[in-house]
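A.B. asks: Structure incoming, see below.
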Amino acid sequence: MRYEQPTRLDGVGALLVAVLVTVTTGVPGLIAGTAVLIAWYTVPTLYTFAFGHLVVGALAENIATPYLVVLELGLLAILVGPALTLAASRWRAIVTSVVAIVFGGGVLALARGNGHLWSALGVVGLIFAIGSYGLHRYEHVALGLSENTYE
């Protein structure tokens, strides 16, 4: 079940994804868009976000690039909507949104520009690995598990 309350922003994002997938791909998009709306209303936000990306990824071959950008913005609204209800994390949601837009736009441009999906996947994998290592190091420092090397 969904833990957080639905907000207008993530509702608009889910509706935007459902409508655009339906308009751009027809009946398969209608089925997938309805599934995204049901997922948005019933399961937690991260699952809806991941499922929406599966839908967009499965149908992306038939969708023009401007529509893909708007679909990604709709999925970003689904992800950020519940976070904006918390006053303390509002700036984190804004920074995350900007980083996601820049990163997603770069990967989309790379995938559409040279036509090779492998190069875009390589960029995503590399950034994921660097980010994971950075979070791992931050966790070690925050928990005091690293020795002080500045003495």
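A.B. asks: Which of the residues spanning region 1-16 are surrounded by 14 or more Cβ atoms within 10 Å (Cβ to Cβ) and either touching a Leu at 6+ places or on another chain (Cβ under 6 Å) or farther than 21 Å from Leu59 by Cα (or both)?
C.D. replies: Arg2, Pro6, Thr7, Leu9, Asp10, Gly11, Ala14
A.B. asks: Output the residues belonging to region 121-135 that are among the aliphatic types (A, V, I, L, M) and either closer than 20 Å to Gly105 by Cβ or at pLDDT 80 or above (or both).
C.D. replies: Listed by number, the residues that qualify are Leu121, Val123, Val124, Leu126, Ile127, Ala129, Ile130.
A.B. asks: Identify the residue in region 69-88 that is over 14 Å from the mean Cα position of the chain (by Cα) and surrounded by 13 or more Cβ atoms within 10 Å (Cβ to Cβ) and, among all such residues, is modelled with the highest pLDDT.
C.D. replies: If we take residues in region 69-88 being over 14 Å from the mean Cα position of the chain (by Cα) and surrounded by 13 or more Cβ atoms within 10 Å (Cβ to Cβ), then Leu84 is modelled with the highest pLDDT.
A.B. asks: Quick one: in region 34-51, of everything that is under 16 Å from the mean Cα position of the chain (by Cα) and not aliphatic (A, V, I, L, M), which residue is nearest to Gly81 (Cα to Cα)?
C.D. replies: Selected residue: Thr45.
A.B. asks: Looking only at region 28-55, how many residues end up being polar (S, T, N, Q) and within 13 Å of Gly13 (Cβ to Cβ)?
C.D. replies: Number satisfying all stated conditions: 2.
A.B. asks: Sticking with this one: Between a residue in region 2-29 that is outside the structural domain of Leu84 (by TED's automatic domain parsing) and of a type in the set (Phe, Trp, Tyr) and any residue that is surrounded by fewer than 21 Cβ atoms within 10 Å (Cβ to Cβ) and part of a loop (DSSP other than H, G, I, E, B), which pairs come within a Cβ distance under 6 Å, given they are 6 or more apart or on different chains?
C.D. replies: Going by the 6 Å Cβ cut-off, the qualifying pairs are Tyr3/Pro44.
A.B. asks: A further question on this structure: Could you grab me the full set of residues in region 32-49 that are surrounded by 14 or more Cβ atoms within 10 Å (Cβ to Cβ), in a helix (DSSP H, G or I) and out of contact with any Phe, Trp or Tyr (no Cβ under 7 Å at 6 or more places or on another chain)?
C.D. replies: Ala32, Gly33, Ala35, Leu37, Ile38, Trp40, Thr45, Phe49, listed by residue number.
The values are calculated or read from the model by the stated rules, or taken from the named source; none is laboratory data. These numbers come from a predicted model, not from an experiment. Please note: Cβ atoms are built from the backbone with ideal geometry, for glycine as well, and neighbour counts cover all protein chains shown.
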